[in-house]
Structures are given as structure tokens and as C-alpha cells.
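The values are calculated or read from the model by the stated rules, or taken from the named source; none is laboratory data. The model shown is predicted, which means the values in this text are computed figures rather than measured ones. FYI the Cβ positions are ideal-geometry reconstructions off the backbone, even for glycines, and counts take in every protein chain you see. Only protein heavy atoms, including side chains, enter the accessible area calculation; ligands, DNA and RNA are left aside. Shrake-Rupley method; radii C 1.70, N 1.55, O 1.52, S 1.80 Å.
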Amino acid sequence: MTESALFIRMQRMRFVLFGAIDTLVWIPALLFAVVARLNFEPPLVDFGDTFVVIGLACVLQVLTGWTIGLYRGKRPIASFAEVKLVVATSALVTAGVFGVVIVSGPIRLAPLSSVLAAGAYQLVASLGARYIARLYLERTDRSDHERSTPLIVFGAGEAGDRITRALQRDRTTDFDPVAFLDDDRTKRRLILNGLRVVGGRDDIASAAATYRAKALLVAIPSLSSTELAEVADAAQAAGMSVMVLPPMQQIVEQGLSARDIRSIEMADFLGRDEVDIDDEAVRAYVKGKRVLVTGAGGSIGRELCRQLGEFAPASIAMVDHDENALHALQLSLKGVALLEDPSLVLCDIRDSEAVERLFSSYRPEVVFHTAAHKHVTFLERFPGEGVKTNVLGTWNLLNAANEFGVDRFINISTDKAADPTNVLGSTKRVAERLTAAQDATSDGTYMSVRFGNVLGSNGSVIPTFAEQIRRGEPVTVTDPDATRYFMTVKEAVLLVLQSGALGHGGDVLVLDMGEPVRIVDLPARIAAEIAPGSPAPSIVFTGLRPGEKLHEQLVSSSDVRVEKPHDLVDRFSVPPLPFASVVFETDDPDQTREQLLRLCQVRCSGLWIGGFCRFRLVIGFRAGLRRFRRR
């Protein structure tokens with residue numbers, strides 16, 4: 001017997017059982033009500049008429065219960081939906097019997113008051129039977145396996161109720177719910193699923209000590225980031241790890257189970273709403289198209305490949321120069337990493353001939369360019385490498401995209417490109433301007449998307465701090481006042497996909513990064529996640545390194561805002577930079593940096609047409625780049 005067939009059979013057995021109870025309980029109910037009405041003197045009772053009334057009540061109970069759906073459908077035992085139907089059925093049957101008794105003649109089949117009393121007895125008995133059944137099922141359904149982690153649930157609302165029931169039934173979890181906490185004073189002393197509400201936010205430490213709790217689950221998905229931080233700080237100070245639930249929308253759509261509980265993450269403290277994008281607009285330019293993603297093995301590229309798959313592209317060419325990154329990418333997407341998949345492409349975008357072969361082979365229609373060197377300090381030391389990848393590599397891709405008729409080219413930029421003060425920002429600013437220039441001379445749509453730091457990405461400060469804390473080393477922070485913008489990988493990619501759908505070529509689309517975060521606040525938060533109750537790590541301030549800003553900015557002083565095409569996206573025009581204006585003829589790092597900064601400030605009166613522009617550096621782009629490669 002299949003699982004679905006077994007479920008249907010159990011449902012039918014349940015309906016038969018409760019239908020029999022609801023029906024048969026009319027017998028003692030009416031007998032007792034009639035005898036009681038006649039002062040408990042059986043000789044005064046006409047049992048023949050009484051059993052006629054009993055038979056009528058039983059028949060009406062079955063017919064009414066089936067008609068209004070009490071004995072059909074899927075409902076939890078003793079749920080509000082079932083209780084409503086039980087009450088309605090009992091009331092209708094009582095009314096029906098009452099009406100028949102009234103019209104039965106001057107010598108009625110039974111006293112009218114006994115019919116009403118019997119209806120009340122039957123209703124209480126039917127509800128009581130269901131309540132007892134529910135208590136029994138809840139007790140037998142609870143897992144009795146050993147659990148090692150006493151858990152306090154913060155939030156005695158609907159989500160808290162549902163997750164504690166799920167945890168009590170789960171036969172694999174180590175979490176053992178022991179008590180509730182809730183700031184709503186009207187819920188104090190409330191007992192929910194056998195657990196008492198023992199206090200609020202101020203009682204976290206005492207509750208942890210009383211119940212020897214090792215974890216606290218925040219079961220209020222709508223809690224603000226500020227409140228979440230307060231609760232998490234108090235719990236971690238008490239030596240408890242902090243867990244959270246998924247967003248309420250996911251709970252409503254997919255239900256809730258013990259597997260949905262996860263450890264609190266840095267992203268939970270950003271206080272950002274879930275990104276809502278126009279799926280149909282994204283699908284319109286991705287579905288059925290050949291897509292190419294550079295830097296596919298990086299954090300942004302990997303998430304792009306994952307989410308692009310949901311929009312049904314004809315194919316996705318996943319390009320990276322790091323074979324280990326491609327290996328990890330295939331493993332994360334498909335669970336295997338045999339590297340035989342033709343969609344995995346090992347290619348260095350700095351090699352123009354390799355890029356041309358790549359485009360000739362895959363003929364992409366949509367390109368997401370995420371590949372780049374991104375470490376500020378490394379590129380300050382080796383600016384030539386930044387130029388080769390971030391400028392030359394981008395130009396190679398733009399040139400090939402134009403040659404092979406790409407419909408849409410999305411260049412991923414960085415907030416460091418806004419009024420750049422370092423090599424990374426300068427190279428990305430040049431890439432933005434080259435992309436704008438290509439859009440003006442191509443049939444396709446070429447745009448850039450600019451955003452700040454991504455939590456957990458390769459080279460992010462978060463994993464760096466975490467590793468220093470695990471080793472017991474001081475955490476190195478540049479400056480106590482330094483701030484940075486942060487967003488999650490998923491959020492960044494969703495907005496990149498949305499930006500691609502906006503279709504504004506030549507411009508830079510700047511993502512809303514929310515409020516900047518003080519870097520010095522991060523180590524204590526990370527330490528509390530790794531080892532709750534441990535003292536805050538020591539911090540060593542190293543000072544700003546060459547090229548670093550105290551506060552990042554998202555928009556350059558020369559950018560001109562055009563419009564806000566999306567609630568979380570701004571559109572700015574960027575001065576185009578003709579290809580012929582870009583030449584590097586030196587190996588000297590200082591001179592390379594100076595040339596980059598000059599390129600970021602170039603103002604051309606118009607686009608380069610026919611190889612001429614009012615501002616041109618020395619010679620044509622191709623010859624200069626060939627010399628640069630040879631070095």
C-alpha cells in the first residue's frame with residue numbers, strides 16, 4: 001500500500017470513528033435528558049417515543065455531518081475548522097429534532113427542554129472525544145529520543161507554536177524546547193505545547209541559567225534588526241547560541257520544520273527587506289538565450305549561475321581561469337565534479353585570442369562579466385595585473401561581444417569605482433567607461449552594475465575575522481571609524497538580474513546598499529556566533545592602507561543621476577571612454593597608477609569615431625596593449 005493510499009485509509013477510519021462517536025452519543029444524551037426532565041422517574045418515560053427521537057437524531061447526525069463536510073476533507077483533529085463544523089452539525093441536528101418534536105402533536109415525543117439539553121450534552125461529548133484524541137496523538141507523536149541541546153524559544157506567537165510542535169515531533173533533532181520567552185506581558189504564564197512563557201527579553205540570562213539552555217531560537221520572523229541584535233547579544237552573553245527561522249513568507253508558503261532552523265548570520269543584522277524582483281522581466285531576456293558568465297567560480301558568479309538556471313536559459317557557459325573554482329562550482333550546482341560538462345570553460349579573459357574562440361564557440365546572447373582582481377592591497381602593489389584583468393580583460397570581452405552580436409552585456413563593478421583612490425577602483429571605473437563607450441557604437445545593450453561589499457564573498461573581511469578569532473589571534477581592523485557597505489550574495493545577484501532587465505545601455509546602475517556598517521563592530525558579533533559567552537576579541541588597529549578610504553561611496557561626483565528605475569536601483573550616466581584613449585606603455589607601478597587616475601578623469605567631447613578623439617593618449621589601444629602583454 002502506498003503512503004498516499006495509507007493516508008486516505010487512515011482519514012476514512014478517523015471519520016468513521018468520530019462519526020460513530022458523534023452519532024451514538026445521542027443515545028445516552030437523550031435518555032439522560034428525558035429521565036432528568038421527568039425527575040428521574042423511569043415509569044413516567046415513554047421509551048418508545050424516546051427511541052424514535054433518538055433514531056431521528058442519529059440519522060440527522062450522519063446526514064448533516066456528511067453534507068456540511070464534518071466527515072469529509074482534511075483537517076487536524078480538534079482544530080478550529082473542525083470545532084466549527086462540530087458545533088454547526090450539533091446545532092442543526094438539535095434544531096431538526098426540536099422542530100419534529102414540536103409538530104409531533106399535543107402529546108409530544110419528548111419534552112422540548114430535554115432535546116435542548118441533549119444537544120448540549122452531545123456537543124460537549126463530541127468535542128471532548130476530539131480533545132482527548134488530540135492529546136493522545138500529541139503525546140504519542142512526540143519523539144522520545146535523547147536530546148542534547150535544551151532550547152528556549154523567543155516568541156510565543158504562531159511561529160513559536162508551530163516550530164515547538166515540529167521540534168517535539170522530530171525524531172532526529174538535538175534541540176529540546178524547554179520554555180518560551182515573549183515581551184508581550186499578556187502572554188506571561190501562558191502554557192503552549194506544554195511549555196510555559198517564563199518572561200521576556202530581560203529574563204534571557206535567568207531563563208538560560210534555570211533551564212540550562214544552550215540555544216535560543218528567535219521565533220519572530222518580523223523582528224527588526226535592532227531588536228534582533230539586542231536579543232542575540234543577551235543570549236550570547238548568557239552562553240547560548242542563537243538560531244533563527246526563515247522569513248514569514250516562506251513559512252506560509254512551504255510550512256515549517258526542524259530543518260528550517262539555522263544559526264544566526266551577519267546578514268540578519270543588516271535589517272534589509274527581502275529583495276522583490278520582476279521575475280517575468282528577467283525571464284524575458286534570459287529564457288531560451290545562450291548566457292555566458294565570466295568569473296563563474298567566484299561568489300557572485302556562482303550564485304549567478306545558480307539563479308540563472310531558474311529562468312530557463314538555453315545554455316550557460318561558466319567561464320573562469322581557476323580550475324579549482326570550476327571544480328567547486330560544478331560540485332555545488334550538481335553534486336558531482338567530473339569536469340566533463342561542456343558548459344564549464346577554462347579561459348583567461350586577458351587572452352584576446354582565447355576570448356574570441358570562446359565567443360565563436362558558444363555564441364552567447366547575454367553576458368554577465370564578474371571576473372576581476374578585487375584585492376585593494378594586492379593591486380596597489382601590482383597595478384599592472386589589475387590593468388591586465390580589469391581593463392584589458394574587460395575590453396577583450398566587450399570587443400568579442402560586439403563582434404559576435406551579443407544582445408545584452410552586464411559588467412559587474414564596485415563602489416570603489418566612485419571617485420576612485422586606488423588601483424582597483426580606477427580599473428573598474430575605466431571598465432565602466434569602456435562599457436559605456438561600447439554601448440554607443442554597438443547594436444546591443446551594454447551596462448554596468450555597481451555595488452559594495454558582499455558578505456562571505458572571497459576575500460571578505462567576515463571570513464578573515466572569523467579565522468583570526470578561531471586561532472585566538474587579535475583581529476586586525478584598519479581604523480575605528482572605518483565603515484563599509486554590505487549586502488548578501490543572494491541579494492546582490494537578484495538585483496544584478498533585475499538591473500539587466502531594466503535595459504538602460506551605457507549607464508551605471510547603482511544598487512541600494514542600505515546603511516554603512518562600522519567595521520569595528522563586526523569582530524564582537526562574529527566572536528559571539530563562534531563561541532557564545534566568550535569575551536570580545538582584542539582588536540589591533542593597523543591604519544588605512546594605501547588606496548583605502550575611511551568611508552566608501554556609491555556615486556562619483558561626475559556621475560549624473562538619470563532616474564530610479566527600481567526601488568533598490570538608481571541609474572547614473574557615466575562619461576564614455578573611447579578605446580583609442582586607453583594606452584599603458586610602462587611597467588612602473590607608480591606611473592601605471594597615475595595613468596589610471598588620469599583615465600578616470602578624462603572628458604571626451606564625443607565618442608571616438610573613425611579612430612579620432614579630442615583626448616587621445618599616445619597611440620591606439622591594440623598596439624599599446626600588445627606591448628603591455630609582452631612585458
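For region 136-238, the set of GluC sites (Glu not before Pro) satisfying both a DSSP loop assignment and a count of at most 14 other C-beta atoms within 10 Å is given as 146.
Pairs exceeding 28 Å between alpha-carbon atoms, taken from 388/416; 287/490; 214/490; 416/490: 214/490.
Over all distinct alpha-carbon pairs, what is the Kirkwood Rh of the chain in angstrom? Walk me through the numbers on the way to the answer.
Working: mean 1/r = 0.0336 Å⁻¹.
Every distinct Cα pair counted, the radius reaches 29.8 Å.
In summary, the convex hull built on the alpha carbon positions of region 311-394 has an orientation-averaged projected area of 6.5 nm².
Counting each DSSP H run of 4 or more residues in the chain as -39500 (n - 2.57), what helix-only mean residue ellipticity at 222 nm follows after dividing by all residues, to the nearest 500 deg cm²/dmol? The partial results should precede the final answer.
Numbers: 22 runs with 284 residues, N = 631.
Theoretical 222 nm ellipticity from helices: -14000 deg cm²/dmol.
Please report the orientation-averaged projected area of region 385-462, defined via the convex hull of its C-alpha atoms, in nm². The partial results should precede the final answer.
On the way: hull surface 22.0 nm².
Projected over every direction and averaged, the Cα hull of region 385-462 covers 5.5 nm².
Ligands, DNA and RNA excluded, the heavy atoms of residue 265 present near 90 Å² of accessible surface to a 1.4 Å solvent probe.
If you average the sequence gap of Cα pairs under 8 Å that are 6 or more apart and divide by the length of region 334-483, what percent do you get for the contact order? Before the final figure, lay out each step's value.
Numbers: 181 pairs, mean separation 30.1, N = 150.
Taking the mean separation of contacting Cα pairs over the length of region 334-483, I get 20 percent.
Each DSSP beta bridge with both residues in the chain is either parallel or antiparallel, and the antiparallel ones are about 25%. Averaging 1/r over every pair of different alpha carbons in region 494-546 and inverting the result gives a Kirkwood radius of 15.1 Å. When nucleic acids and ligands are ignored and a 1.4 Å probe is applied, residue 49 ends up with an accessible area of around 40 Å².
Could you size up the charge dipole of the chain around its Cα centre, putting +1 on the beta carbon of Lys and Arg and -1 on that of Asp and Glu, and report it in debye to the nearest 20? Before the final figure, lay out each step's value.
On the way: 70 positive and 75 negative charges, 153 e Å.
That gives the chain a dipole magnitude of about 740 debye.
Counted by Cβ distance under 12 Å from residue 480, the other residues give a net charge of -2, where Lys and Arg count +1 and Asp and Glu count -1.
Note that region 419-532 shows a convex hull volume over its alpha carbon atoms of 122 Å³ per residue.
Between the helical axis of 352-362 and the longest alpha-carbon principal axis of the chain there is an angle of about 40 degrees. Applying the Kirkwood pairwise sum to the alpha-carbon positions of region 95-202 produces a hydrodynamic radius of 17.5 angstrom.
How much length is gained on full extension from residue 340 to residue 573, taking 0.36 nm per residue of separation minus their Cα-Cα distance? Kindly include the intermediate steps, with their values, before the conclusion.
Numbers: separation 233, 0.36 × 233 = 83.88 nm, distance 4.23 nm.
Gain on extension, residue 340 to residue 573, equals 79.6 nm.
How far, in degrees from 0 to 90, does helix 621-630 lean away from the longest principal axis of the Cα atoms of the chain, to the nearest 10? Approximately 90 degrees, to the nearest ten. Only protein heavy atoms count here; on that basis, with a 1.4 Å probe, residue 102 has an accessible area of about 70 Å².
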